[in-house]
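The values are calculated or read from the model by the stated rules, or taken from the named source; none is laboratory data. Computed from a predicted model, the values in this text were never measured in an experiment. For neighbour counting, all protein chains shown are included, and Cβ atoms are generated from backbone atoms with ideal geometry for every residue, glycine included. In case anyone asks, the SASA skips ligands and DNA or RNA and just uses the protein heavy atoms, side chains included. Shrake-Rupley method; radii C 1.70, N 1.55, O 1.52, S 1.80 Å.
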Amino acid sequence: MSEIVTESYIGSGIVYVAGRDVGNASGVKIAIEQDTKSQPNYRGGGGNAAEITRVKSVKLSFTLNDFSNQNMALALRGKVEVLAAGAVATPESIIAVLDGLADTAFMIDTTVEPVVTDTSAATTFIKDTDYVVSAGGIRALSTGSITAEQPLKVTYTKKAGNAMQALTESGQTVPVVIDGVNDATGKPWTLKFFKWTPSPTAGMDLIGDDFGSFDIEGGVLADASVVATGKSKFFVRSAAS
């Protein structure tokens, strides 16, 4: 007598894209689109005499809750550059915007007070009296000595970090591995996608009153290097018994 084996399932896991842990990810989904061709039955009684179904496309999507520049580059076909800390080599020219932001070329390390002067450096303006500083730049105060659209020179220390240059890459094809656990049983499982091509995300909510997330989807391509009979060219799931 055969034994019927059942296994309840609550999935969790870590998503690796090209070996990189993408952080907290949810809503991992596989979507398979099929193309069905039918031959009608003309001999009476209706229905079809023959039918064939082919896989049209395979999609892998997930929701990323980690807003790292590396993840955003994946979703926006961008590249990430390292930003080194240190003082700017020469004073940077900006145009004052009263009670508005004059942005600087680099993020400002606000723990180090910048030096803001007129173009001749004859007048040095006072922080929190003539202007306030943020990572984005200098905001001239209308109550201070700086005038509207006044040319200024600012010397500051660059904040270390990284920059994501969006929509600069043509796209990439990468492997994806999900290292998972069935929380209902404690048993491990893995999903390996051989070739995944992420598409630019449809959008991102960047300001809000709740934790942010964004969706990313891409096509799972057939891996031509898989030639063995009975082996998937798309993905394989392994699970502990």
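Work through the residues other than Val236 whose Cβ is under 15 Å from its Cβ and net out their charges, Lys, Arg +1 and Asp, Glu -1. It works out to a net charge of +3. Length gained on full extension, Arg43 to Ser68: 2.8 nm, using 0.36 nm per residue less the C-alpha separation. With the simple spin-label model, which puts each label point 7 Å out from Cα in the Cβ direction, the Ala89 to Asp128 separation comes to 3.4 nm. Counting only protein heavy atoms and using a 1.4 Å probe, the accessible area of Ile178 comes to about 10 Å².
Summary value for the range 143-206: 26 percent relative contact order, contacts being C-alpha pairs under 8 angstrom separated by 6+ residues. Of the heavy-atom accessible surface of the range 66-141 (probe 1.4 angstrom), what whole percent is carbon and sulfur? Of all accessible area on the range 66-141, carbon and sulfur atoms account for 56 percent. Residue by residue, the range 219-232 carries 3J(HN,Hα) couplings of x, 8, 8, 6, 9, 5, 6, 8, 10, 5, 5, x, 9, 6 Hz when phi is fed to the Karplus relation 6.51 cos²θ - 1.76 cosθ + 1.60 (θ = phi - 60°); x denotes Gly or Pro.
When the alpha carbon gyration tensor of the chain is reduced to an equivalent ellipsoid, its three semi-axes come out at 56, 21, 17 angstrom, largest first.
Go through Lys56/Lys187; Lys59/Lys159; Lys29/Lys159; Lys79/Lys195; Lys29/Lys187; Lys187/Lys231 and tell me which ones have a Cα-Cα distance over 28 Å in this structure. Violating the 28 Å Cα-Cα cut-off are Lys56/Lys187; Lys59/Lys159; Lys29/Lys159.
Structural descriptor for the range 132-241: relative contact order 20 percent, calculated from alpha carbon pairs under 8 angstrom and at least 6 residues apart.
Each helix, a run of at least 4 DSSP H residues, gives -39500 (n - 2.57); summed and divided by the residues of the chain, these come to -500 deg cm²/dmol at 222 nm.
In a fully extended conformation the segment linking Ser199 and Ala222 would gain 6.6 nm over its present Cα-Cα distance, using 0.36 nm per residue. Counting only aspartates and glutamates at least 8 places from Lys127 when in the same chain, those with an alpha carbon closer than 12 Å to its own are Glu113.
Debye-formula intensities of the range 98-206, expressed as log10 I(q)/I(0) at q = 0.14, 0.16, 0.20 Å⁻¹, are -0.72, -0.82, -1.05 (one equal scatterer per alpha-carbon, no solvent). Relative to the current alpha-carbon distance between Val115 and Gln172, full extension at 0.36 nm per residue lengthens the span by 16.2 nm. Working from Cα pairs under 8 Å separated by at least six residues, relative contact order for the chain is 23 percent.
Among residues other than Gly180 with Cβ under 10 Å from its Cβ, the summed charge is 0 (Lys and Arg +1, Asp and Glu -1). Net charge dipole, the chain: roughly 1360 debye, given to the nearest 20, about the Cα centre with Cβ charges of +1 for Lys and Arg and -1 for Asp and Glu.
Near Tyr156, once Lys and Arg are set to +1 and Asp and Glu to -1 for all other residues with Cβ below 10 Å from its Cβ, the sum equals -1. Considering the dipole of the range 9-123 built from charges on the beta carbon (Lys and Arg +1, Asp and Glu -1) around the Cα centre, which of Ala25, Thr104, Gly86 is farthest to its positive end? The residue sitting farthest along the positive end of the dipole is Ala25.
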